[in-house]
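Step one of this worksheet: look at the structure below.
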Amino acid sequence: MTSLYLKAVHIIFIVTWFAGLFYMPRLFVYIIESHAKPEPEKSILLRQLNLMASRLWYGITWPSAIITLGMGTSLLINQPEWLSMGFMHMKLTLVFLLYLYHVSLQIILNQLKKGTVKYTSQQMRLWNEVSTLFLISIVFLIVLKNALSMLWGLAGLLAVVILIMTGMKVYKKFRKDD
């Protein structure tokens with residue numbers, strides 16, 4: 001029974017963590033685009049967007065990432081046999097890479113707070129999709145476990161990447177037409 005409660009809390013905080021991971025790069029896009037605005041609009045936007053980014057990042061995203069890690073670790077301690085399953089090794093690898101992605105967002109946030117813009121808004125829009133790929137990969141891996149062949153999994157992931165890239169090109173075309 002304890003395992004079910006741990007799993008429920010784990011899932012809840014995965015959802016809130018991903019909410020932050022989905023929205024943070026979008027805020028970065030707006031922050032980057034604000035740097036091109038004339039004063040006083042630029043200062044007003046940057047002050048508000050940086051406030052929103054800080055509150056999202058430190059109030060929701062980081063706490064959710066930490067609680068997700070704690071609950072996931074608790075689940076593995078409670079169910080150590082999962083560590084002998086191949087799909088769990090892949091999942092943990094993806095989760096490790098997801099935490100590296102999380103840290104990359106922290107680095108970008110720190111740069112933007114200092115007024116350093118190293119990426120274009122288009123690059124940040126692309127970086128925004130990385131968390132979607134992690135989510136899709138991890139969910140399919142956990143749900144399908146060993147039934148998911150590596151070949152079909154990679155083919156599906158490639159199809160999702162193509163759809164995302166196509167969607168971004170279509171959006172960019174319509175956005176320019178406005």
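The values are calculated or read from the model by the stated rules, or taken from the named source; none is laboratory data. Given the structure is predicted, the values throughout are model-derived calculations rather than measurements. All Cβ positions, glycine included, derive from the backbone under ideal geometry; neighbour counts span all protein chains shown.
Against the definition (surrounded by fewer than 14 Cβ atoms within 10 Å (Cβ to Cβ) and acidic (Asp, Glu)), how does Glu39 come out, yes or no? Break it down stepwise before answering.
Working: surrounded by fewer than 14 Cβ atoms within 10 Å (Cβ to Cβ): yes; acidic (Asp, Glu): yes.
Yes.
When segment 111-157 is limited to residues that are basic (Lys, Arg) and at pLDDT 85 or above, the one that is surrounded by the most Cβ atoms within 10 Å (Cβ to Cβ) turns out to be Arg125. Only a single criterion out of (1) buried (at least 19 other Cβ atoms within 10 Å of the Cβ); (2) farther than 18 Å from Ser64 by Cβ; (3) of a type in the set (A, V, I, L, M, F, W, C); (4) without any contact (Cβ under 8 Å) to a residue 60 or more places away in the chain is not satisfied by Leu51, namely (1).
Lys176 meets all of the listed conditions (1) modelled with pLDDT of 90 or more; (2) closer than 30 Å to Ser34 by Cβ but one, namely (1). Would you say Ile164 is modelled with pLDDT under 95, touching a Ser or Thr at 6+ places or on another chain (Cβ under 9 Å) and in a helix (DSSP H, G or I)? Yes: the conditions hold for Ile164. Restricting attention to segment 57-75, the residues being within 16 Å of the chain's Cα centre (by Cα), more than 19 Å from Ile108 (Cα to Cα) and of a type in the set (A, V, I, L, M) number 3.
Can you pull out every residue in segment 70-84 that is touching a residue at least 24 places away in the same chain (Cβ under 8 Å) and in a helix (DSSP H, G or I)? Give the derivation first.
Let us first name the residues in segment 70-84 that are touching a residue at least 24 places away in the same chain (Cβ under 8 Å), namely 71-72, 74-75, 78-79.
Scanning segment 70-84 gives Met71, Gly72, Ser74, Leu75, Asn78.
Filter segment 129-146 for residues that are in a helix (DSSP H, G or I), charged (D, E, K, R) and closer than 15 Å to Val161 by Cβ and give the result. Of everything in segment 129-146, nothing turns out to be in a helix (DSSP H, G or I), charged (D, E, K, R) and closer than 15 Å to Val161 by Cβ. None of Thr73, Thr61, Thr68, Thr16 is at pLDDT 95 or above and touching a Phe, Trp or Tyr at 6+ places or on another chain (Cβ under 6 Å) except Thr68. Ile107 versus (1) β-branched (Val, Ile, Thr); (2) within 19 Å of the chain's Cα centre (by Cα); (3) surrounded by 14 or more Cβ atoms within 10 Å (Cβ to Cβ): which is the lone unmet condition? Here Ile107 meets the rest and fails (3).
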